[in-house]
Amino acid sequence: MSADIHFYEPAKGHGLPHDPFNAIVGPRPIGWISSRGADGIVNLAPYSFFNAFNYTPPIVGFASIGYKDSVRNIEQTREFCWNLATRPLAEPMNASCAAVPPEVDEFVLAGLTPAASRAVSVPRVAESPVSFECRLTQLIQLEGVGGEKVPTWLVLGEVVGVHVDKALLKDGIYDTAAARPILRGGGPADYFEIGPEALFKMWRPR
């Protein structure tokens, strides 16, 4: 590692052309979240702060910077779906992040097909090869180190239903690369695709 280190305190600014935080913590999986409000209006939006947090029960979560339609819908109905964003779906995923009024259906906007879920009332993206049906477990407004509220909401949900395209199951094992998932990078327009060339194996010590 180079001894020439750039150090900064985030509260005082990074002093660089672009904030490196998102690039360092990355690439990050995309939380492509479908939800439905109490009024029945469906929403679909991608979130770059997303991940899985627990095996049993399986829990996923995403953070919304700002109290957006997805957060409001999920708080009202306590349900949502996560849909895998893949390279063939990159452009529709990007289209679904347009800043439009709540009454605009992003499925229509992005040319996608809503598919009925089995355990929740929220539709999933039919074109996505993997979807999780989720029920809200916690909705947390984040706080800074001084206890001040941050205008960001962390949404955690238990996965109660999983849809997987059987073409991605090789001898019963899910093939991550075959799905061609895309991940968010740090620049204003940077994404990455996972392919088989990125695979390496490393077994845990016994």
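The values are calculated or read from the model by the stated rules, or taken from the named source; none is laboratory data. Being a predicted model, the structure only gives us computed values, none of them experimental. Please note: Cβ atoms are built from the backbone with ideal geometry, for glycine as well, and neighbour counts cover all protein chains shown.
A few notes on this one:
- Exactly one residue out of 41, 24, 5, 30 is touching a strand residue (DSSP E or B) at 6+ places or on another chain (Cβ under 6 Å) and either modelled with pLDDT under 95 or among the β-branched types (Val, Ile, Thr) (or both), and it is 30.
- Strands (runs of 3 or more DSSP E) lying entirely in the range 16-56 (those with 1 or more residues that are surrounded by 15 or more Cβ atoms within 10 Å (Cβ to Cβ) and more than 16 Å from the chain's Cα centre (by Cα)): 31-36, 42-47
- Members of the range 159-174 that are of a type in the set (D, E, K, R) and either over 20 Å from the mean Cα position of the chain (by Cα) or part of a strand (DSSP E or B) (or both): 166, 170, 171
- Residue within the range 120-134 that is within 26 Å of residue 19 (Cα to Cα) and under 17 Å from the mean Cα position of the chain (by Cα) present: no
- Within the range 166-189, tally of residues that are in contact (Cβ under 8 Å) with a residue 12 or more places away in the chain and under 30 Å from residue 138 (Cβ atoms): 9
- Put simply, of 206, 184, 135 the only residue that is touching a helix residue (DSSP H, G or I) at 6+ places or on another chain (Cβ under 9 Å) and among the basic types (Lys, Arg) is 184.
- Residue match in the range 183-192 (condition: of a type outside the set (Gly, Ala, Ser), farther than 18 Å from residue 31 by Cβ, out of contact with any Phe, Trp or Tyr (no Cβ under 6 Å at 6 or more places or on another chain) and exposed (fewer than 12 other Cβ atoms within 10 Å of the Cβ)): yes
- Qualifying positions in the range 175-189 - part of a loop (DSSP other than H, G, I, E, B), under 18 Å from residue 90 (Cβ atoms) and at pLDDT 95 or above: 176, 180
- Given (1) crowded, with 18+ Cβ neighbours inside 10 Å; (2) of a type outside the set (S, T, N, Q); (3) part of a loop (DSSP other than H, G, I, E, B), index of the condition residue 4 fails: (1)
- In the set (1) out of contact with any Leu (no Cβ under 7 Å at 6 or more places or on another chain); (2) buried (at least 18 other Cβ atoms within 10 Å of the Cβ), residue 155 fails one condition alone, (1).
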